[in-house]
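First up is the structure itself, then whatever we jot down about it.
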Amino acid sequence: MKYKKKTIYIDGMHCISCETMISDELNNVDGIAAVNVCSKKCQAEIKYEKNEPEFENLKKIVEKLGYSASPEPIENKKKN
């Protein structure tokens with residue numbers, strides 16, 4: 001089965017525990033097949049099969065955990 005990918009960018013992560021907590025919560029979203037969170041890259045790669053998860057829903061989950069989320073890379077967002 002081939003999955004589509006969506007990347008969101010997350011600010012505030014600093015360790016594996018952060019990655020695990022975010023990954024666990026995002027994996028609970030209907031339609032998401034897998035999540036790979038990387039604190040070094042400040043991003044979460046989300047794999048889904050049919051309907052793309054809405055960014056605003058993902059953002060709410062991430063913010064509930066105490067982080068911030070962006071559809072754009074964090075570095076670019078800070079420069080503007």
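The values are calculated or read from the model by the stated rules, or taken from the named source; none is laboratory data. Owing to the predicted nature of the structure, the values given are computational and were not obtained by experimental measurement. All Cβ positions, glycine included, derive from the backbone under ideal geometry; neighbour counts span all protein chains shown. Remember, those area values only see protein heavy atoms, side chains included, never the ligands or the DNA or RNA. Shrake-Rupley method; radii C 1.70, N 1.55, O 1.52, S 1.80 Å.
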Taking the stretch 13-53 on its own, how many of its residues are in contact with a strand residue (DSSP E or B) (Cβ under 6 Å, 6 or more places away or on another chain) and either basic (Lys, Arg) or at positive phi (or both)?
3
Could you check how many residues of the stretch 38-50 are over 11 Å from the mean Cα position of the chain (by Cα) and within 11 Å of Lys5 (Cα to Cα)?
3
Just name the residue that is surrounded by the most Cβ atoms within 10 Å (Cβ to Cβ) out of those in the stretch 1-58 that are touching a residue at least 40 places away in the same chain (Cβ under 8 Å) and assigned to a helix (DSSP H, G or I).
Ile22
Residue ID - farthest from Thr7 (Cα to Cα), chosen from residues in the stretch 59-77 that are small (Gly, Ala, Ser) and either open to solvent by less than 30 Å² (accessible area, probe 1.4 Å) or within 11 Å of the chain's Cα centre (by Cα) (or both)
Ser68
